[in-house]
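Each remark here refers to the structure printed beneath this line.
The values are calculated or read from the model by the stated rules, or taken from the named source; none is laboratory data. Keep in mind that what you see is a predicted model, and the values were worked out from it rather than measured. Cβ placement follows ideal geometry from the backbone for every residue including glycine, while neighbour counts extend to all protein chains displayed. We work out accessible area using only protein heavy atoms, side chains counted, and drop any ligands, DNA or RNA first. Shrake-Rupley method; radii C 1.70, N 1.55, O 1.52, S 1.80 Å.
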Amino acid sequence: MNARQLANSLDEMMKDTKRGHLNWSMQIETTDDLDASLKEKLEQDGIEWLVDECFVEYACTWKGQDFCMISYEHVLTHEDQTRMTCLIFLPPLGMRFFDVAELAPYAIESDAYLTSKVHMLWEMLLELYRTDPARYRLSVIDPLKN
C-alpha cells in the first residue's frame, strides 16, 4: 500500500468511525512527559538536542480485515527550535514492537498529506475516547519499563 492509498483508506475509516461502525484500540508510548534528565540527548550540528519519541499503535477490524498501523514521531528540541521526523508503519498483526529498527521493513513512504491524515485520526480518536471510552480503548505504556 502506498501513502495515497493509505490516506484514502484512513479517510474511509474515519467516516466509518464517525458513523459508529468501527471500534478502535490504541496503544501509546511516549517520552514527552518524562523529566528532561531522563530523556536521551543527541549532539548534532554542534548543538545538544533533547530527544522525544512517541509511538502510537492503531488497531481495528475494517471491512472484515484486521488493520494495524503504527506511527512514530522523533522530536528534537533545543531552546525554541524543534525538528520532527514522522514515520508510518503497516506491520503484520503479530509484529507490534515499538522499535524503529524492527518496524523498518514495514514503513510506508510517507508524505505531509498522509502524516496529516494520521494526525487527524489521532485527534478524532482521542476525542471519541473522551466521550465514549467503552468503544475506544487506549493503553499507555511506560517508556521506562518497555
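Below are the figures for this structure:
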| quantity | calculated |
| --- | --- |
| Test: residue in segment 69-77 that is of a type in the set (Asp, Glu) and in contact with a Cys (Cβ under 7 Å, 6 or more places away or on another chain) | yes |
| When residues of segment 131-145 are limited to those that are exposed (fewer than 13 other Cβ atoms within 10 Å of the Cβ) and over 25 Å from residue 99 (Cβ atoms), the one nearest to the chain's Cα centre (by Cα) | 133 |
| Segment 78-103: number of residues that are over 12 Å from the mean Cα position of the chain (by Cα), farther than 24 Å from residue 50 by Cβ, open to solvent by less than 70 Å² (accessible area, probe 1.4 Å) and of a type in the set (A, V, I, L, M, F, W, C) | 1 |
| Of all residues in segment 26-41 being exposed (fewer than 14 other Cβ atoms within 10 Å of the Cβ) and not hydrophobic (A, V, I, L, M, F, W, C), the one that is farthest from residue 88 (Cα to Cα) | 37 |
| Scan of segment 104-130 for residues that are assigned to a helix (DSSP H, G or I) and open to solvent by 60 Å² or more (accessible area, probe 1.4 Å), ordered by number | 105, 106, 112, 113, 119, 120, 123, 127, 129, 130 |
| Scan of segment 38-60 for residues that are assigned to a strand (DSSP E or B) and either without any contact (Cβ under 8 Å) to a residue 12 or more places away in the chain or within 17 Å of residue 138 (Cβ to Cβ) (or both), ordered by number | 41, 43, 54, 55, 56, 57, 58, 59, 60 |
| Meets criteria (more than 29 Å from residue 143 (Cα to Cα) and either in contact (Cβ under 8 Å) with a residue 60 or more places away in the chain or open to solvent by less than 20 Å² (accessible area, probe 1.4 Å) (or both)) for residue 8 | no |
| Residue count, segment 42-77 (criterion: over 22 Å from residue 5 (Cα atoms) and either of a type in the set (D, E, K, R) or loosely packed, with under 15 Cβ neighbours inside 10 Å (or both)) | 10 |
